[in-house]
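All remarks here apply to the structure that follows.
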Amino acid sequence: PEKTQWRVQISARASDGIEAKTILTQALAALWLLCRFGGVGSKSRKGWGSLADITIPELRDLAACQRVADEFRKRAKAQPGKVADAMAIEAMILAERALPNEHDPWHVLDHAGTLLQTFAKGLSPKKDRLALGLPRLIGGRPGTPLNGPKKDRHASPAHFHVARASNGFVLRLAAFPAAKLPDLEKSKAMLGKLINHVKTQEKSAPPSGSPAASGRTEPEFWLYDGDKVRISRRVPPNKVEIEDEAGEYIDTVPFSSLKPLRK
């Protein structure tokens, strides 16, 4: 639950001629990066399971983590090399979006999902959605499965993170170009566009007449033409994008065509 707290104790011992303190610093750097950019549990790449930013005196920023990593590689006499699918800090593309005066983390998660979905919908040709990971359908309901070099599954290269700020929240995106989505250069280009989208896209307002616009609690599911759907994005002035329970886009329809499905 929100604001849950716990204490973590980390210990290390010397190994292969590297002192314990150096090894301990690597563990602390991993913890700092997890709390700053990552998450734990299901849907962690979409912002769920985000941890609060932590303060470690010797690791004040990303540059400090990169510096101690470089020092450790030298001490460990690591051979230079490259793993194409590795999520390397040096290749990471970052975006931060301040959400001042926002006090509900659920709204921030919803905003992250909307940003990702509007970006995917705007891609043309639709096969470019491969850059966002698999599985993914294109072509509307029931849709055509999209495949890549690794066939129909590939983890998303985009990691959303929700962090608290003094006057609201900050939405972060850490993206790692992937060698098989569909190739490194294409992946880097598409993720660069996503980063720009997150930085610049305006928040959409709820359509007039909707429960959100009037201050009422909105149900999670709706009925559309007999099907159970969710609203994924508002399209002013009076339309909404709807998706199925698996999160796949169905259509853009008038809000008035939906009926609330309440428990």
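The values are calculated or read from the model by the stated rules, or taken from the named source; none is laboratory data. If you're wondering where the values come from, they're calculated on a predicted model, not measured in any experiment. Glycine gets a Cβ as well: all are built from the backbone with ideal geometry, and neighbour counts include every protein chain shown. The area values use the complete protein model at the heavy-atom level, side chains included, leaving out ligands, DNA and RNA. Shrake-Rupley method; radii C 1.70, N 1.55, O 1.52, S 1.80 Å.
Below, the figures for the structure above:
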read-out	value
Selection from the stretch 36-77 of residues that are open to solvent by less than 50 Å² (accessible area, probe 1.4 Å) and out of contact with any strand residue (DSSP E or B) (no Cβ under 9 Å at 6 or more places or on another chain)	GLY49, ILE56, LEU59, ALA69
Output for the stretch 174-188, where each listed residue is open to solvent by less than 10 Å² (accessible area, probe 1.4 Å) and assigned to a helix (DSSP H, G or I)	SER187
Among the residues listed as ARG73, ARG45, the single one being under 30 Å from LYS180 (Cβ atoms) and either within 18 Å of the chain's Cα centre (by Cα) or in contact (Cβ under 8 Å) with a residue 60 or more places away in the chain (or both)	ARG45
From PRO149, PRO125, residue being open to solvent by 60 Å² or more (accessible area, probe 1.4 Å) and within 20 Å of ASP251 (Cβ to Cβ)	PRO125
Residue match in the stretch 61-70 (condition: among the charged types (D, E, K, R) and over 23 Å from the mean Cα position of the chain (by Cα))	yes
The stretch 90-112 residues that are polar (S, T, N, Q), paired with ones that are not in a helix (DSSP H, G or I) (beta carbon under 9 Å, 6 or more apart)	ASN101/ASN167; ASN101/GLY168
Residues that are open to solvent by less than 80 Å² (accessible area, probe 1.4 Å) and either assigned to a loop (DSSP other than H, G, I, E, B) or at pLDDT 85 or above (or both), drawn from the stretch 252-262	THR252, VAL253, PRO254, PHE255, SER257, LEU258, PRO260
Complete set of residues in the stretch 130-146 that are open to solvent by 30 Å² or more (accessible area, probe 1.4 Å), at pLDDT 85 or above and either closer than 21 Å to GLY49 by Cα or of a type in the set (Lys, Arg) (or both)	none
